[in-house]
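Below: one structure, written as structure tokens.
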Amino acid sequence: MGCLHSKTAKLPSPDDPSVPNKPESVNEDQVDQENQVPGFKEFDLSELKKVTNGFSPSCIVSEGGEKAPNVVYRGKLEGNRLVAIKRFSRQSWPDAQQFVAEATGVGKLRSNRLVNLIGCCAEGDERLLVAEYMPNDTLSKHLFHWEKQPLPWEMRVRVADFIAQALDHCNIENRKIYHDLNAYRILFDEEGDPRLSTFGLMKNSRDGKSYSTNLAYTPPEFLRTGKTKILLQEHKRKYFSDLVESKGCLPHFSGRVIPESVIYSYGTILIDLLSGKHIPPSHAIDIIRGKNVLLLMDSSLEGQYENEDATKLVDLASKCLQSEAKDRPDTKFLLSSVAPLQKQKEVASHVLMGLPKNTVILPTLLSPLGKACSQNDHAAVHEILLKTGYRDEEGAENELSFQEWTQQVQEMLNTKKFGDIAFRDKDFKNAIECYSKLVGMMSVPSATVFARRSFSYLMTDQPELALRDAMQAQVCLPEWPTAFYLQALALSKLGMETDANDMLNDGAAFDAKRQQHNSWRC
């Protein structure tokens, strides 16, 4: 399974003590990550349906693939963990046992340079993979479709370094084959750090041994049979010129992948990082051989790098894109070449990229209810709502206290009583029924009734209705922290983390205002 000996075997390796700035072993970097990521497991289809709202289109984060159609959904597991769920067509994996076995093997990997695989599901015709959720888009988005600012040079070097670390870690774990490595396979986590998707470690074809890639990016060893070689010559000129404008128009070819093919694909990533464009490898090599490196470089990077560093990265790309597989370097050489080029290691990735860092107010600044909602501790939320009762509505106009004593009011009070008993006993279905009847009877709405019905909806898996009622409670009492905290709880259940954090912050702000007001009264 080892790499073939080649000319690059003579190049210095990071294991050579004479090599400066030797990168640390990736394994030594993984300890915390291993403790944070849950172990691999097989999920029930019903559980994955639940966390994606029945595979709702609103939960789709990406879709595509003609040879192996798939859709990726966002979902949230128990414990508030966001995940990406990739749903394959059955045709991609007709053998369920083979699919589970392959996923289980990939699921053993753990690294903070990988988007770790945490589960799979193979029930009936369904084939699903469950991985960590990466909230900050793909390398393709940041390189080719940026909106605010182009990806800076230092961040591009970091991508090259981190992905080399990811590939080296896979090699160490005897996972040397990566299918169709491209800019869409590299994603950015909540810190802005680049990670390599583990989906590419799965064999993703009917025979489980081949993979598809765009013609222009296909390693040369795939195109040496008589038929594909003729096709390559026929299509090369036409499609290569079009690729810069439209990447998705090329035909696809299948072939066997070897470890050296992955190095070739890494070289295409380097070309992407250097140019900021979709440049076919053969065209990039022509530019490099013509010593017109400046024509290759992204003009938006002007003034951000030293020419010597750019030359080293271009040289590495050239070595990776050698037509003969045996002439390409190994992952250790990639590491020794790229790691020394990072000059701002102390600067966080999200800072380099200009990404906002969502922060939640520290738990010490939250009330007990705020803490419970931020931690999705439903039992604690229920207990606090019971203890608080209707106290927060004291002083507000309330028909339960001021209306005339009539048979209608007696019926309303009984309905409220039955609703409160059902809520206390966690009979949330009956609580919803009683509170809904009560809302229709009241001439002046009660924020607490809406809050209790909101929580009841949440506990019966109706987060949209829970959010609606929490908003109604805010209408009743515009500065009531409980209303904001319950909105945060519902938004979190719906997978809207940024909005949930905003609501927690707003609730904490009104909590602080209330505490300050109470201290003045004292």
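Computed from the coordinates by the stated procedures, all read-outs in this text should not be read as laboratory data. Remember, predicted model here, so these are calculated numbers, not experimental data. Backbone-built Cβ (ideal geometry, glycine too); neighbour counts: all protein chains shown.
One table, with the values for the structure above:
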read-out	value
Cut-off 14 Å between beta-carbons: net charge of the residues surrounding L181, Lys and Arg +1, Asp and Glu -1	+2
Label point distance in nm, K108-H145, each placed 7 Å from Cα along Cα→Cβ	3.7
Radius 14 Å from Cβ of A509, net charge of other residues (Lys, Arg +1; Asp, Glu -1)	-2
Within-14-Å neighbourhood charge of F418 [Cβ basis; K, R +1; D, E -1]	+2
Base-10 log of normalised Debye intensity for segment 128-180 (one unit scatterer per alpha-carbon) at q = 0.19 Å⁻¹	-0.89
Pair V61, V293: separation of 7 Å Cα→Cβ label points (nm)	3.7
Cβ crowding within 10 Å averaged over residues, with 101-113, 185-197 ranked highest first	185-197, 101-113
Prolate/oblate/rounded label for segment 415-519 (Cα gyration tensor, a/c 1.5)	oblate
Among the listed pairs K86/K326; K148/K176; K429/K493; K86/K141, those beyond 28 Å (Cα-Cα)	K86/K326; K148/K176
R0 of 51 Å, Cβ-Cβ distance E306-K437: FRET efficiency to nearest 0.05	0.10
K387/E191 FRET efficiency (R0 35 Å; Cβ-Cβ; nearest 0.05)	0.35
Cα centroid separation - segment 61-126 against segment 298-338, whole Å	32
Label-point separation, I172 to Y184 (7 Å along Cα→Cβ), nm	3.0
R0 of 22 Å, Cβ-Cβ distance V444-L413: FRET efficiency to nearest 0.05	0.95
At 1.567 mPa s and 4 °C, Stokes D of segment 74-122 from Kirkwood alpha-carbon radius, µm² per second	106
